[in-house]
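The values are calculated or read from the model by the stated rules, or taken from the named source; none is laboratory data. All values derive from a computational prediction rather than experimental measurement. No Cβ is skipped: glycine too gets one built from the backbone with ideal geometry, and neighbour counts run over all protein chains shown. Side chains included, ligands, DNA and RNA excluded: accessible areas come from the protein's heavy atoms. Shrake-Rupley method; radii C 1.70, N 1.55, O 1.52, S 1.80 Å.
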Amino acid sequence: MNCYENTILVKQDLPESQVKQLVNKYEEIINKNSGKVIKTENWGLKNLSQLIKNNRKAFYFHIKFTGLGKTIYELEKAENIDQMLIRFLTVKVKKHDLDKEYFEKKDY
């Protein structure tokens, strides 16, 4: 099993409940296709550096998982046809960094 990270950008105009259903859908696709979700991070609503499909902001989600080639194929096939996603990226990594939170909220 290889280690992967998948980042998805979801349209900002979706209700929060629908966004959670969307993320759960992709976690289920990973689990059904010989994969295992290690960690899911909600990076929140962020500004895009440029206009993408008439969107200025997007909800960012980052999923760390292990899987096979079949897992990636099924995941990206579903992401390609989903109209609620702006962008997605899947990257193979050597090992997961579970300690660092890159977009954690800081209290000042």
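Computed with a 1.4 Å probe over protein heavy atoms only, the accessible surface of the chain comes to 68 Å² per residue. Computed over the Cα atoms of the chain, the ratio of the radius of gyration to the Kirkwood radius (Rg/Rh) comes to 0.96. Within the accessible surface of the chain, defined with a 1.4 Å probe on protein heavy atoms only, the carbon and sulfur portion equals 48 percent.
Over 23 Å between Cα atoms: which of 32/77; 36/70; 57/94 fall into that group? Distance filter (> 23 Å) returns 57/94.
Based on the Cβ-Cβ distance of residue 46 and residue 68, what FRET efficiency does E = 1/(1 + (r/R0)^6) give at R0 = 35 Å, to the nearest 0.05? Working from the Cβ atoms, E equals 0.70. Close amide H pairs (under 5 Å, H built 1.01 Å from N) link residue 38 with 64, 65, 66, residues at least 5 positions away or on another chain.
Using Cα pairs closer than 8 Å and at least 6 residues apart in sequence, work out the relative contact order for the chain, in percent.
Relative contact order, the chain: 43 percent.
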